[in-house]
Amino acid sequence: MTTPTYAAELEAALSISSTQESVGGIKAVVAREIQATDSSVRIRDTGYFNHSYMPDFVLEWPDDVAAGQRFMYLKFGGDVDYFVRDVALVEDREPIVFSIGRYRNSADAHVRLAAEAGTANTLLTDADGLATMIERRDRSPDVRIISTALTQDGRGVLDAVNASAIADGFSRGIDAARALAVEGTRRATEIVAASLRRRQSRLLNQFLQAVWVGSGGNIAGFPGVRDLSGEVTDAALEFLLTGEEITDPVFWRRLGRHASLEQIARLNVDSATPNLQHYVTQNISELRARSYQLRSISGNVTDDNRPFEWRIERKLLALRAQRFIAYLDGQPADPPGKDSGGRSDGVPLAGLLNRATGTAVAELEIAAEGRTIVYRGEDNIDIARDERLAALAESLGPAARVTKARLPLAEDRSLVCDFTTQVAAPRGPSRMPVTDLLASLPLLRELTATESDRLRALLEPPADPAPPHEAEPGGVEEH
(Lines give C-alpha, C1' and ligand atoms only; values in the text may rest on other atoms or scores of the structure.)
Protein backbone atom coordinates (compact mmCIF):
# COMPACT_ATOMS: atom_id res chain seq x y z
CA MET A 1 0.00 0.00 0.00
CA THR A 2 1.57 3.28 -1.12
CA THR A 3 1.62 6.71 0.49
CA PRO A 4 -1.27 8.17 -1.57
CA THR A 5 -3.42 5.08 -0.87
CA TYR A 6 -3.44 5.51 2.90
CA ALA A 7 -4.17 9.23 2.58
CA ALA A 8 -6.89 8.55 0.01
CA GLU A 9 -8.49 5.94 2.24
CA LEU A 10 -8.55 8.41 5.12
CA GLU A 11 -10.19 11.01 2.89
CA ALA A 12 -12.76 8.43 1.81
CA ALA A 13 -13.52 7.51 5.42
CA LEU A 14 -13.86 11.19 6.36
CA SER A 15 -16.45 11.70 3.60
CA ILE A 16 -18.81 8.99 4.88
CA SER A 17 -22.05 10.64 5.98
CA SER A 18 -22.64 8.32 8.94
CA THR A 19 -20.49 9.55 11.82
CA GLN A 20 -20.18 6.11 13.35
CA GLU A 21 -19.16 4.50 10.06
CA SER A 22 -16.76 7.35 9.31
CA VAL A 23 -15.01 7.01 12.67
CA GLY A 24 -14.80 3.25 12.24
CA GLY A 25 -13.30 3.67 8.78
CA ILE A 26 -10.70 6.20 9.94
CA LYS A 27 -9.59 4.03 12.84
CA ALA A 28 -9.40 0.94 10.63
CA VAL A 29 -7.10 2.70 8.15
CA VAL A 30 -4.82 4.05 10.88
CA ALA A 31 -4.65 0.66 12.65
CA ARG A 32 -3.63 -1.07 9.40
CA GLU A 33 -0.96 1.53 8.79
CA ILE A 34 0.48 1.19 12.29
CA GLN A 35 0.53 -2.60 11.92
CA ALA A 36 2.36 -2.27 8.60
CA THR A 37 4.90 0.04 10.25
CA ASP A 38 5.54 -2.38 13.13
CA SER A 39 4.39 -5.99 12.74
CA SER A 40 5.21 -6.77 16.39
CA VAL A 41 2.66 -4.34 17.83
CA ARG A 42 -0.75 -5.29 19.21
CA ILE A 43 -3.36 -2.53 18.85
CA ARG A 44 -6.28 -2.18 21.24
CA ASP A 45 -9.15 0.15 20.32
CA THR A 46 -10.42 2.05 23.37
CA GLY A 47 -13.73 3.06 21.78
CA TYR A 48 -12.94 6.79 22.01
CA PHE A 49 -12.28 9.14 19.10
CA ASN A 50 -10.59 12.57 18.96
CA HIS A 51 -10.94 12.88 22.73
CA SER A 52 -8.87 15.44 24.62
CA TYR A 53 -7.65 13.03 27.30
CA MET A 54 -8.65 9.46 26.34
CA PRO A 55 -6.52 7.71 23.71
CA ASP A 56 -8.01 6.14 20.61
CA PHE A 57 -5.60 3.20 20.68
CA VAL A 58 -3.34 1.50 23.20
CA LEU A 59 -0.25 -0.04 21.62
CA GLU A 60 1.40 -3.05 23.27
CA TRP A 61 4.24 -5.42 22.39
CA PRO A 62 3.52 -8.94 23.73
CA ASP A 63 7.01 -10.22 22.87
CA ASP A 64 8.79 -7.29 24.55
CA VAL A 65 7.54 -6.83 28.10
CA ALA A 66 9.98 -3.97 28.74
CA ALA A 67 8.33 -1.93 25.98
CA GLY A 68 5.20 -1.45 28.09
CA GLN A 69 2.27 0.43 26.53
CA ARG A 70 2.01 3.54 24.42
CA PHE A 71 -1.13 5.62 23.95
CA MET A 72 -2.10 6.86 20.51
CA TYR A 73 -4.40 9.80 19.83
CA LEU A 74 -6.07 10.67 16.54
CA LYS A 75 -6.33 14.45 16.19
CA PHE A 76 -7.65 16.65 13.40
CA GLY A 77 -4.99 18.85 11.81
CA GLY A 78 -5.55 22.38 10.61
CA ASP A 79 -4.30 25.22 12.79
CA VAL A 80 -0.89 24.35 14.27
CA ASP A 81 -1.38 26.51 17.37
CA TYR A 82 -4.65 24.74 18.17
CA PHE A 83 -2.99 21.41 17.52
CA VAL A 84 -0.09 22.23 19.86
CA ARG A 85 -2.49 23.20 22.65
CA ASP A 86 -4.44 19.97 22.21
CA VAL A 87 -1.25 17.87 22.22
CA ALA A 88 -0.02 19.65 25.37
CA LEU A 89 -2.96 18.17 27.28
CA VAL A 90 -1.51 14.65 26.92
CA GLU A 91 2.22 15.30 26.53
CA ASP A 92 2.99 13.89 29.98
CA ARG A 93 1.98 10.48 28.58
CA GLU A 94 4.58 10.77 25.78
CA PRO A 95 2.12 9.36 23.24
CA ILE A 96 1.87 9.02 19.47
CA VAL A 97 -0.38 11.69 18.00
CA PHE A 98 -1.71 10.95 14.51
CA SER A 99 -2.82 13.99 12.52
CA ILE A 100 -5.89 13.60 10.33
CA GLY A 101 -5.86 16.21 7.58
CA ARG A 102 -3.37 18.93 6.67
CA TYR A 103 -1.89 21.92 8.53
CA ARG A 104 -2.52 25.40 7.16
CA ASN A 105 0.20 27.29 9.02
CA SER A 106 3.61 28.56 7.92
CA ALA A 107 6.87 26.63 7.88
CA ASP A 108 8.00 28.42 11.06
CA ALA A 109 5.01 27.02 12.92
CA HIS A 110 5.92 23.52 11.78
CA VAL A 111 9.47 23.95 13.06
CA ARG A 112 8.12 25.02 16.44
CA LEU A 113 5.73 22.05 16.49
CA ALA A 114 8.60 19.62 15.79
CA ALA A 115 10.77 21.14 18.52
CA GLU A 116 8.04 20.99 21.13
CA ALA A 117 7.12 17.41 20.20
CA GLY A 118 10.73 16.31 20.53
CA THR A 119 11.10 17.99 23.92
CA ALA A 120 7.87 16.38 25.14
CA ASN A 121 8.93 12.91 23.88
CA THR A 122 5.78 12.84 21.76
CA LEU A 123 5.70 11.44 18.23
CA LEU A 124 3.58 13.45 15.78
CA THR A 125 2.87 11.64 12.52
CA ASP A 126 0.35 11.29 9.73
CA ALA A 127 -0.64 8.96 6.89
CA ASP A 128 2.15 10.19 4.59
CA GLY A 129 4.84 9.91 7.29
CA LEU A 130 4.00 6.34 8.25
CA ALA A 131 3.50 5.24 4.64
CA THR A 132 6.94 6.60 3.71
CA MET A 133 8.46 4.62 6.56
CA ILE A 134 6.58 1.51 5.38
CA GLU A 135 7.88 1.98 1.84
CA ARG A 136 11.47 2.31 3.11
CA ARG A 137 10.95 -0.69 5.40
CA ASP A 138 9.80 -2.84 2.47
CA ARG A 139 12.76 -1.70 0.40
CA SER A 140 15.46 -2.27 3.04
CA PRO A 141 15.29 -4.93 5.78
CA ASP A 142 17.54 -2.79 8.00
CA VAL A 143 14.87 -0.08 8.22
CA ARG A 144 12.46 -2.35 10.08
CA ILE A 145 14.73 -1.97 13.12
CA ILE A 146 14.16 1.76 13.42
CA SER A 147 10.58 1.46 12.14
CA THR A 148 9.66 -0.71 15.13
CA ALA A 149 11.65 1.54 17.46
CA LEU A 150 9.67 4.59 16.30
CA THR A 151 6.31 3.10 17.25
CA GLN A 152 7.63 2.23 20.70
CA ASP A 153 9.76 5.28 21.45
CA GLY A 154 9.62 7.74 18.55
CA ARG A 155 9.53 11.46 19.23
CA GLY A 156 9.38 14.65 17.17
CA VAL A 157 7.62 14.93 13.80
CA LEU A 158 7.46 11.96 11.44
CA ASP A 159 6.13 13.39 8.21
CA ALA A 160 7.08 12.11 4.76
CA VAL A 161 10.28 14.20 4.57
CA ASN A 162 11.54 13.27 8.04
CA ALA A 163 10.56 9.60 7.65
CA SER A 164 12.63 9.38 4.48
CA ALA A 165 15.62 11.09 6.13
CA ILE A 166 15.47 8.89 9.25
CA ALA A 167 15.09 5.62 7.32
CA ASP A 168 17.78 6.35 4.74
CA GLY A 169 20.21 7.82 7.28
CA PHE A 170 19.89 4.85 9.62
CA SER A 171 20.22 2.29 6.81
CA ARG A 172 23.30 4.05 5.46
CA GLY A 173 24.63 4.18 9.02
CA ILE A 174 24.54 0.39 9.31
CA ASP A 175 26.52 0.11 6.08
CA ALA A 176 28.93 2.72 7.43
CA ALA A 177 29.42 0.82 10.69
CA ARG A 178 30.22 -2.34 8.73
CA ALA A 179 32.79 -0.36 6.75
CA LEU A 180 34.08 1.42 9.91
CA ALA A 181 33.21 4.75 8.30
CA VAL A 182 33.09 7.30 11.11
CA GLU A 183 30.92 10.05 9.62
CA GLY A 184 28.13 7.81 8.34
CA THR A 185 28.04 5.92 11.62
CA ARG A 186 28.00 9.15 13.62
CA ARG A 187 25.11 10.47 11.55
CA ALA A 188 23.10 7.31 12.33
CA THR A 189 23.76 7.65 16.07
CA GLU A 190 22.63 11.29 15.89
CA ILE A 191 19.41 10.25 14.14
CA VAL A 192 18.81 7.63 16.83
CA ALA A 193 19.37 10.12 19.65
CA ALA A 194 17.18 12.81 18.10
CA SER A 195 14.22 10.68 17.00
CA LEU A 196 13.87 8.15 19.85
CA ARG A 197 13.18 8.19 23.57
CA ARG A 198 15.86 6.80 25.90
CA ARG A 199 15.17 3.04 25.80
CA GLN A 200 15.14 2.48 22.06
CA SER A 201 17.82 5.12 21.57
CA ARG A 202 20.11 3.11 23.85
CA LEU A 203 19.24 -0.22 22.18
CA LEU A 204 19.77 1.01 18.63
CA ASN A 205 23.00 2.71 19.61
CA GLN A 206 24.17 -0.62 21.07
CA PHE A 207 23.12 -2.31 17.85
CA LEU A 208 25.27 0.06 15.79
CA GLN A 209 28.15 -0.51 18.20
CA ALA A 210 27.74 -4.28 17.82
CA VAL A 211 28.00 -3.94 14.04
CA TRP A 212 31.04 -1.67 14.45
CA VAL A 213 32.84 -4.07 16.81
CA GLY A 214 31.86 -7.15 14.80
CA SER A 215 33.40 -5.50 11.75
CA GLY A 216 36.70 -5.09 13.56
CA GLY A 217 36.28 -1.62 15.02
CA ASN A 218 37.69 -0.55 18.35
CA ILE A 219 35.00 0.25 20.93
CA ALA A 220 36.91 3.37 21.93
CA GLY A 221 36.63 4.62 18.36
CA PHE A 222 32.87 4.09 18.03
CA PRO A 223 31.31 7.49 17.21
CA GLY A 224 28.36 7.25 19.57
CA VAL A 225 27.48 6.47 23.17
CA ARG A 226 29.90 3.68 24.06
CA ASP A 227 28.96 0.64 26.10
CA LEU A 228 32.36 -0.46 27.40
CA SER A 229 31.09 -3.72 28.91
CA GLY A 230 31.86 -5.40 25.59
CA GLU A 231 28.64 -7.41 25.76
CA VAL A 232 26.08 -7.48 22.97
CA THR A 233 22.56 -6.77 24.22
CA ASP A 234 19.70 -9.16 23.49
CA ALA A 235 18.00 -6.59 21.26
CA ALA A 236 21.15 -5.86 19.24
CA LEU A 237 21.88 -9.56 18.74
CA GLU A 238 18.27 -10.27 17.84
CA PHE A 239 18.33 -7.52 15.22
CA LEU A 240 21.49 -8.97 13.70
CA LEU A 241 20.31 -12.59 13.71
CA THR A 242 17.06 -11.73 11.94
CA GLY A 243 18.52 -9.18 9.53
CA GLU A 244 20.21 -9.36 6.17
CA GLU A 245 22.69 -12.25 5.94
CA ILE A 246 26.28 -11.52 6.94
CA THR A 247 28.60 -14.28 5.72
CA ASP A 248 31.86 -13.04 7.26
CA PRO A 249 32.89 -15.66 9.88
CA VAL A 250 35.28 -13.24 11.58
CA PHE A 251 32.39 -10.83 12.18
CA TRP A 252 30.45 -13.52 14.06
CA ARG A 253 33.46 -14.67 16.05
CA ARG A 254 34.18 -11.13 17.21
CA LEU A 255 30.56 -10.60 18.06
CA GLY A 256 30.32 -13.89 19.94
CA ARG A 257 33.28 -13.64 22.26
CA HIS A 258 30.76 -13.32 25.13
CA ALA A 259 28.29 -15.79 23.60
CA SER A 260 26.16 -17.82 25.99
CA LEU A 261 23.46 -20.42 25.62
CA GLU A 262 21.26 -18.48 28.03
CA GLN A 263 21.32 -15.34 25.89
CA ILE A 264 20.55 -17.23 22.68
CA ALA A 265 17.59 -18.96 24.34
CA ARG A 266 16.10 -15.58 25.36
CA LEU A 267 15.97 -14.26 21.81
CA ASN A 268 12.81 -13.98 19.72
CA VAL A 269 14.09 -15.59 16.54
CA ASP A 270 11.31 -17.76 15.19
CA SER A 271 13.06 -19.42 12.24
CA ALA A 272 16.38 -20.95 11.27
CA THR A 273 17.76 -17.67 9.93
CA PRO A 274 21.06 -17.73 8.03
CA ASN A 275 22.68 -15.43 10.59
CA LEU A 276 21.63 -17.70 13.48
CA GLN A 277 23.43 -20.55 11.70
CA HIS A 278 26.56 -18.41 11.28
CA TYR A 279 26.51 -17.16 14.87
CA VAL A 280 26.15 -20.57 16.52
CA THR A 281 28.51 -22.33 14.10
CA GLN A 282 31.28 -19.78 14.61
CA ASN A 283 30.91 -19.81 18.41
CA ILE A 284 29.98 -23.43 19.09
CA SER A 285 33.22 -24.15 20.90
CA GLU A 286 32.49 -21.26 23.30
CA LEU A 287 28.91 -22.24 24.13
CA ARG A 288 28.47 -24.37 27.25
CA ALA A 289 25.43 -26.45 28.17
CA ARG A 290 24.22 -28.47 31.13
CA SER A 291 22.43 -31.14 29.09
CA TYR A 292 20.57 -31.94 25.94
CA GLN A 293 17.53 -34.05 25.18
CA LEU A 294 16.74 -35.85 21.95
CA ARG A 295 13.23 -36.11 20.59
CA SER A 296 12.20 -37.96 17.47
CA ILE A 297 10.38 -36.18 14.67
CA SER A 298 7.50 -38.24 13.35
CA GLY A 299 6.76 -38.68 9.67
CA ASN A 300 8.54 -40.11 6.67
CA VAL A 301 12.02 -38.98 5.77
CA THR A 302 11.34 -37.07 2.56
CA ASP A 303 14.65 -35.31 2.07
CA ASP A 304 17.80 -36.93 3.34
CA ASN A 305 19.76 -33.96 2.00
CA ARG A 306 18.09 -31.50 4.34
CA PRO A 307 20.87 -29.87 6.38
CA PHE A 308 21.02 -29.70 10.15
CA GLU A 309 19.62 -26.39 11.41
CA TRP A 310 20.11 -24.36 14.55
CA ARG A 311 16.81 -23.03 15.87
CA ILE A 312 15.41 -21.42 19.03
CA GLU A 313 12.46 -23.46 20.26
CA ARG A 314 10.79 -23.69 23.67
CA LYS A 315 13.23 -21.03 24.89
CA LEU A 316 16.13 -23.39 24.17
CA LEU A 317 18.77 -23.62 21.48
CA ALA A 318 17.90 -26.64 19.36
CA LEU A 319 19.65 -28.63 16.65
CA ARG A 320 17.03 -29.87 14.20
CA ALA A 321 17.63 -32.69 11.73
CA GLN A 322 15.23 -34.55 9.44
CA ARG A 323 14.44 -37.30 11.99
CA PHE A 324 15.24 -35.78 15.37
CA ILE A 325 15.80 -32.58 17.33
CA ALA A 326 18.27 -32.01 20.18
CA TYR A 327 17.30 -29.39 22.80
CA LEU A 328 20.29 -27.86 24.58
CA ASP A 329 19.78 -26.55 28.12
CA GLY A 330 22.14 -24.35 30.10
CA GLN A 331 20.24 -24.57 33.37
CA PRO A 332 21.06 -26.96 36.24
CA ALA A 333 17.44 -28.14 36.59
CA ASP A 334 16.21 -31.29 34.88
CA PRO A 335 15.95 -30.92 31.09
CA PRO A 336 12.51 -30.14 29.66
CA GLY A 337 10.34 -33.16 29.05
CA LYS A 338 12.50 -35.51 31.09
CA ASP A 339 9.45 -36.76 32.97
CA SER A 340 6.83 -35.85 30.37
CA GLY A 341 5.79 -39.41 29.54
CA GLY A 342 8.30 -39.91 26.74
CA ARG A 343 10.22 -42.59 28.61
CA SER A 344 11.36 -45.88 27.04
CA ASP A 345 12.87 -49.07 28.41
CA GLY A 346 16.26 -48.33 26.92
CA VAL A 347 18.08 -49.78 23.90
CA PRO A 348 19.17 -53.36 23.14
CA LEU A 349 22.59 -54.14 24.60
CA ALA A 350 23.92 -55.73 21.41
CA GLY A 351 22.78 -52.77 19.34
CA LEU A 352 24.44 -50.29 21.69
CA LEU A 353 27.77 -52.10 21.47
CA ASN A 354 27.61 -51.77 17.69
CA ARG A 355 26.88 -48.04 18.06
CA ALA A 356 29.79 -47.47 20.41
CA THR A 357 32.44 -47.72 17.70
CA GLY A 358 34.86 -44.87 18.32
CA THR A 359 33.23 -43.92 21.64
CA ALA A 360 34.84 -44.82 24.98
CA VAL A 361 32.29 -46.23 27.45
CA ALA A 362 33.29 -46.63 31.12
CA GLU A 363 30.06 -48.01 32.60
CA LEU A 364 26.73 -49.48 31.54
CA GLU A 365 23.49 -49.97 33.45
CA ILE A 366 21.65 -52.98 32.01
CA ALA A 367 18.09 -54.10 32.71
CA ALA A 368 17.26 -57.77 32.13
CA GLU A 369 14.36 -59.86 33.44
CA GLY A 370 13.52 -57.53 36.30
CA ARG A 371 17.11 -57.14 37.41
CA THR A 372 19.65 -54.36 36.98
CA ILE A 373 23.30 -55.04 36.22
CA VAL A 374 25.97 -52.34 36.47
CA TYR A 375 28.99 -53.24 34.39
CA ARG A 376 32.12 -51.11 34.75
CA GLY A 377 35.86 -51.40 34.49
CA GLU A 378 38.54 -50.08 36.78
CA ASP A 379 40.13 -46.67 36.13
CA ASN A 380 37.50 -45.76 33.52
CA ILE A 381 38.82 -48.25 30.97
CA ASP A 382 36.76 -48.61 27.79
CA ILE A 383 34.43 -51.58 28.17
CA ALA A 384 32.70 -51.28 24.80
CA ARG A 385 35.19 -53.70 23.20
CA ASP A 386 35.33 -56.01 26.26
CA GLU A 387 34.96 -59.67 25.24
CA ARG A 388 33.30 -60.48 28.60
CA LEU A 389 30.66 -57.85 27.96
CA ALA A 390 30.02 -59.26 24.49
CA ALA A 391 29.61 -62.67 26.06
CA LEU A 392 27.24 -61.22 28.67
CA ALA A 393 25.16 -59.66 25.94
CA GLU A 394 24.87 -62.98 24.18
CA SER A 395 24.00 -64.71 27.43
CA LEU A 396 21.29 -62.23 28.41
CA GLY A 397 19.72 -62.37 24.96
CA PRO A 398 17.76 -59.73 22.99
CA ALA A 399 15.63 -58.78 26.02
CA ALA A 400 18.59 -57.09 27.74
CA ARG A 401 18.30 -53.31 27.54
CA VAL A 402 20.84 -50.61 28.34
CA THR A 403 19.23 -47.85 30.41
CA LYS A 404 22.32 -45.70 31.04
CA ALA A 405 25.88 -45.34 29.82
CA ARG A 406 28.69 -43.35 31.38
CA LEU A 407 31.34 -41.86 29.13
CA PRO A 408 34.69 -40.82 30.67
CA LEU A 409 35.83 -37.28 29.99
CA ALA A 410 39.02 -35.40 30.74
CA GLU A 411 39.78 -34.07 34.22
CA ASP A 412 37.90 -36.86 36.04
CA ARG A 413 34.57 -35.82 34.57
CA SER A 414 31.92 -38.09 33.13
CA LEU A 415 28.97 -37.75 30.79
CA VAL A 416 25.88 -39.87 31.44
CA CYS A 417 23.56 -40.87 28.59
CA ASP A 418 20.11 -41.87 29.83
CA PHE A 419 18.44 -43.98 27.16
CA THR A 420 15.11 -44.05 28.96
CA THR A 421 14.69 -40.25 28.69
CA GLN A 422 17.06 -39.58 25.74
CA VAL A 423 18.99 -37.12 27.91
CA ALA A 424 22.76 -36.63 28.08
CA ALA A 425 24.35 -34.59 30.88
CA PRO A 426 27.64 -34.50 32.79
CA ARG A 427 27.67 -35.87 36.30
CA GLY A 428 27.27 -33.14 38.88
CA PRO A 429 26.26 -29.51 38.30
CA SER A 430 28.97 -28.67 35.78
CA ARG A 431 28.50 -27.49 32.22
CA MET A 432 30.54 -28.51 29.21
CA PRO A 433 31.20 -27.25 25.69
CA VAL A 434 28.36 -27.99 23.30
CA THR A 435 30.88 -29.68 20.98
CA ASP A 436 31.81 -32.22 23.68
CA LEU A 437 28.21 -32.73 24.77
CA LEU A 438 26.81 -33.40 21.31
CA ALA A 439 29.69 -35.73 20.51
CA SER A 440 27.70 -38.35 22.47
CA LEU A 441 24.72 -38.09 20.10
CA PRO A 442 25.74 -41.13 17.95
CA LEU A 443 25.64 -43.25 21.11
CA LEU A 444 22.28 -41.91 22.28
CA ARG A 445 20.73 -42.42 18.85
CA GLU A 446 21.66 -44.52 15.84
CA LEU A 447 22.54 -42.17 12.99
CA THR A 448 22.65 -42.67 9.26
CA ALA A 449 25.95 -42.22 7.47
CA THR A 450 24.77 -38.84 6.18
CA GLU A 451 23.71 -37.70 9.65
CA SER A 452 27.06 -38.79 11.10
CA ASP A 453 28.98 -36.82 8.48
CA ARG A 454 26.88 -33.71 9.07
CA LEU A 455 27.25 -33.91 12.82
CA ARG A 456 30.99 -34.36 12.54
CA ALA A 457 31.28 -31.30 10.29
CA LEU A 458 29.01 -29.27 12.57
CA LEU A 459 31.03 -29.99 15.71
CA GLU A 460 34.40 -29.26 14.15
CA PRO A 461 35.57 -25.97 15.70
CA PRO A 462 36.12 -23.22 13.11
CA ALA A 463 39.60 -21.85 12.56
CA ASP A 464 40.43 -19.03 14.95
CA PRO A 465 40.29 -15.56 13.40
CA ALA A 466 42.71 -12.83 14.34
CA PRO A 467 42.10 -12.02 18.01
CA PRO A 468 39.71 -9.06 18.36
CA HIS A 469 40.60 -5.93 20.25
CA GLU A 470 39.43 -6.22 23.84
CA ALA A 471 38.17 -3.04 25.46
CA GLU A 472 38.94 -2.37 29.06
CA PRO A 473 35.98 -3.33 31.27
CA GLY A 474 33.86 -0.45 32.47
CA GLY A 475 30.47 1.18 32.38
CA VAL A 476 28.71 3.20 29.75
CA GLU A 477 30.32 6.42 28.61
CA GLU A 478 27.78 9.19 28.07
CA HIS A 479 28.38 12.18 25.83
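The values are calculated or read from the model by the stated rules, or taken from the named source; none is laboratory data. Fair warning: this is a prediction, and the values are worked out from it, not measured in the lab. Cβ: placed from backbone, ideal geometry, glycine included. Neighbour counts: every protein chain shown. SASA here: full protein model, heavy atoms, side chains in, ligands and nucleic acids out. Shrake-Rupley method; radii C 1.70, N 1.55, O 1.52, S 1.80 Å.
Does anything in the range 145-173 have its amide N under 19 Å from the 7 Å Cα→Cβ label point of N268, and if so which residues?
The answer is 145-154.
Please give every one of the aspartates and glutamates within straight-line cross-link reach of K404, meaning a C-alpha to C-alpha distance under 14 Å, and leave out same-chain neighbours fewer than 8 residues apart.
The qualifying aspartates and glutamates are D345, E363, E365, D418.
Using a probe radius of 1.4 Å on heavy atoms only, what accessible surface per residue do you get for the chain? Whole Å² is fine.
47 Å²
I'd like the accessible area for S260: 1.4 Å probe, protein heavy atoms, all chains in place, Å² to the nearest 10.
Here the accessible area works out near 40 Å².
Just to verify a number: what accessible area does K27 come out at with the full protein assembly present, 1.4 Å probe, Å² rounded to tens?
The value for K27 is about 10 Å².
Measuring from centroid to centroid over Cα atoms, what is the spacing of the range 247-319 and the range 194-209 in Å?
27 Å
Starting from 0.36 nm per residue, how many nanometres of slack lie between I373 and E231 once their C-alpha separation is accounted for?
46.2 nm
For helix 160-178, report the angle its Cα long axis makes with the longest principal axis of the Cα atoms of the chain; keep it between 0 and 90° and round to the nearest 10°.
30 degrees
Just check the range 225-273 against the gyration tensor rule for me: Cα atoms, a ≥ b ≥ c as the square roots of the eigenvalues, rounded for a/c under 1.5, and otherwise prolate or oblate depending on whether a/b exceeds b/c.
oblate
What is the calculated FRET efficiency for Q69 to A449, with r their C-beta to C-beta distance and R₀ = 56 Å, to the nearest 0.05?
Efficiency at R0 = 56 Å is approximately 0.55.
If Lys and Arg each add +1 and Asp and Glu each add -1, what is the summed charge of the other residues whose beta carbon sits under 9 Å from the beta carbon of D45?
Computed value for this residue: +1.
Using r as the Cβ-Cβ distance of T46 and S344, and R0 as 60 Å, what FRET efficiency do you calculate, to the nearest 0.05?
Calculated transfer efficiency: 0.65.
Using a 7 Å offset from the Cα along the Cα-to-Cβ direction at both A360 and A179, what is the distance between the two label points in nm, to one decimal?
A separation of 5.3 nm, rounded to one decimal place.
Report, ordered by chain and residue number, the aspartates and glutamates lying within cross-link reach of K315, taken as a straight Cα distance under 16 Å and ignoring same-chain residues fewer than 8 apart.
D63, D64, D234, E238, E262, D270, D329, D334
Given a 1.4 angstrom probe, I'd like the percentage of the accessible area of the chain that is carbon and sulfur, rounded to a whole number.
After summing per-atom areas, the C and S share lands at 49 percent.
For the range 18-74, what does the alpha-carbon gyration tensor say about shape, rounded, prolate or oblate, given a ≥ b ≥ c as the root eigenvalues, a/c under 1.5 as rounded, and a/b over b/c as prolate?
oblate
Taking the chain as the reference, fit the longest principal axis to its C-alpha atoms, fit the long axis of helix 19-37 to the helix C-alpha atoms, and give the angle between the two in degrees, 0 to 90, nearest 10.
Between the helix axis and the principal axis of the chain, the angle is about 50 degrees.
Roughly how many Å is it from the Cα centre of the range 1-61 to that of the range 110-161, as a whole number?
A separation of 16 Å, based on Cα centres.
Give the shape of the range 367-431 as rounded, prolate or oblate, defined through the alpha-carbon gyration tensor: a ≥ b ≥ c are the square roots of its eigenvalues, a/c under 1.5 means rounded, and otherwise the shape is prolate if a/b is larger than b/c and oblate if not.
oblate
Run the quick spin-label model on E460 and R93: label points 7 Å from Cα toward the beta carbon, then report their separation in nm to one decimal.
With each label point 7 Å from Cα toward Cβ, the separation is 6.0 nm.
Go ahead and run the numbers for FRET between H258 and R85, Cβ-Cβ distance against an R0 of 56 Å, rounding to 0.05.
0.65
For H258, tell me the accessible area in Å² from a 1.4 Å probe, rounded to the nearest 10.
Result for H258: roughly 90 Å² accessible.
Which angle from 0 to 90°, rounded to the nearest 10, does the C-alpha axis of helix 3-14 make with the longest principal axis of the chain?
60 degrees
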